[in-house]
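*Asks:* Pasting a structure below so you can have a look.
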Amino acid sequence: MSYDRALEKAMWYCSFQERCVFDVETRFRAWNVKREDWDKIIDTLLEQNYLNEQRYIEAFVRGKFSIKKWGKMKIISELYQKKISGKEVAKAIDKEINDDDYHQTIIQLIDKKKQLLNEVDPQKLNEKLYRYLLSKGYESDLIFKFLK
């Protein structure tokens, strides 16, 4: 694919949803863009504000917490898989996730999951709830705190 066509497609791709560099590079592979054009296209996208890592991180954190009810650990892990880590992630989590909302979400998830489980034994019920919340990315100490 030519440089101009790839740039045009990348601009369109980034214009309707926040993207990170990793997402764009994945698209480049699918579109068969020449490797030597990747950096020039990404630089252009950054200069013209089609790509903005900080904006992407904040949108990702906000969306995954409010819509999918993910915990901080899972959000951090998913961003790490997209080659994003560091202070920006911690800042975005602090900015976008209020502790009260975070704790309230854990309580809501526990209540909702309890209704779905048909477990009589309280020990087994707590084990299942613990595993469920752990898979959602919540921290062990908080899970124990709210299961009591």
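Read the figures in this text as sums done on the coordinates, not as results from a lab. Computed from a prediction, not measured in an experiment: that's the story for all the values here. As a convention, Cβ positions derive from the backbone with ideal geometry for all residues, glycine included, and neighbour counts pool all protein chains shown.
*Asks:* Beyond 12 Å, what share of the Cα-Cα pairs of segment 3-47 remains, rounded to the nearest whole percent?
*Replies:* Working: 540 of 990 pairs.
Pairs farther apart than 12 Å: 55 percent.
*Asks:* Just report the Cα centroid separation between segment 25-77 and segment 95-148, whole Å.
*Replies:* Going from one Cα centre to the other spans 30 Å.
*Asks:* What's the exposure ranking of Leu133, Leu142, going from fewest to most Cβ atoms within 10 Å?
*Replies:* Working: Leu133 23, Leu142 15.
Lowest count first: Leu142, Leu133.
*Asks:* Springs between alpha-carbon pairs under 10 angstrom, Gaussian network model over the chain: which of Leu134, Leu116, Leu46 fluctuates most?
*Replies:* In the Gaussian network model the winner is Leu116.
*Asks:* Moving to a separate point now. Size of the chain along its principal axes in angstrom, Cα-based, largest extent first?
*Replies:* Principal extents (largest minus smallest coordinate, Cα): 63, 28, 23 Å.
*Asks:* Shifting gears a bit: If the limit is 30 Å between Cα atoms, which of Lys74/Lys148; Lys69/Lys145; Lys91/Lys124; Lys95/Lys136 go over it? If you can, show how the numbers build up before the last one.
*Replies:* Working: Lys74/Lys148 23 Å; Lys69/Lys145 18 Å; Lys91/Lys124 37 Å; Lys95/Lys136 20 Å.
In this structure, Lys91/Lys124 exceed 30 Å between Cα atoms.
*Asks:* Cα axis of helix 122-135 to longest principal axis of the chain: angle in degrees, 0 to 90, nearest 10?
*Replies:* It works out to around 10 degrees.
*Asks:* Follow-up question, since we're still on this one. Of Phe16, Phe65, Phe28, which is the most mobile in a GNM of the chain whose springs link Cα atoms less than 10 angstrom apart?
*Replies:* The residue with the greatest mean-square fluctuation here is Phe16.
*Asks:* Give or take rounding to whole Å, what are the principal axis extents of the alpha carbon atoms in segment 92-148, in descending order?
*Replies:* Projected onto its principal axes, the Cα set of segment 92-148 covers 40, 19, 18 Å.
*Asks:* What translational D, rounded to a whole number of µm²/s, comes out for segment 58-119 from Stokes-Einstein when the hydrodynamic radius is the Kirkwood one over Cα pairs, at 20 °C and 1.002 mPa s? Intermediate results must be reported in sequence, preceding the final value.
*Replies:* On the way: Rh = 12.5 Å.
Stokes-Einstein gives a translational diffusion coefficient of 172 µm²/s.
*Asks:* Among Ala90, Ala59, Ala30, which one moves the most in a GNM of the chain with springs linking Cα atoms closer than 10 Å?
*Replies:* Residue with maximal mean-square fluctuation among Ala90, Ala59, Ala30: Ala30.
*Asks:* Also: Using +1 at the C-beta of Lys and Arg and -1 at the C-beta of Asp and Glu, which of Ser135, Thr105, Gln115 has the Cα lying farthest in the positive direction of the dipole of segment 99-147?
*Replies:* Of the candidates, Gln115 comes out farthest on the positive side.
*Asks:* Let me ask you something else. Could you tell me the calculated FRET efficiency between Ser77 and Asp39, based on Cβ-Cβ distance and R0 = 22 angstrom, to the nearest 0.05? Walk me through the intermediate numbers first.
*Replies:* Values: r = 27 Å, r/R0 = 1.24.
Rounded to the nearest 0.05, the efficiency is 0.20.
*Asks:* Treating cross-link reach as a plain straight distance, find the aspartates and glutamates whose alpha-carbon is under 12 Å from the alpha-carbon of Lys64, omitting any fewer than eight places away in the same chain.
*Replies:* The reachable aspartates and glutamates, counting only those whose Cα sits under 12 Å from Lys64, are Glu78, Glu96.
*Asks:* Let me ask something additional. Spin-label point model (7 Å from Cα, Cβ direction): what's the Asp111 to Gln54 distance in nm?
*Replies:* About 3.7 nm separates the two model spin labels.
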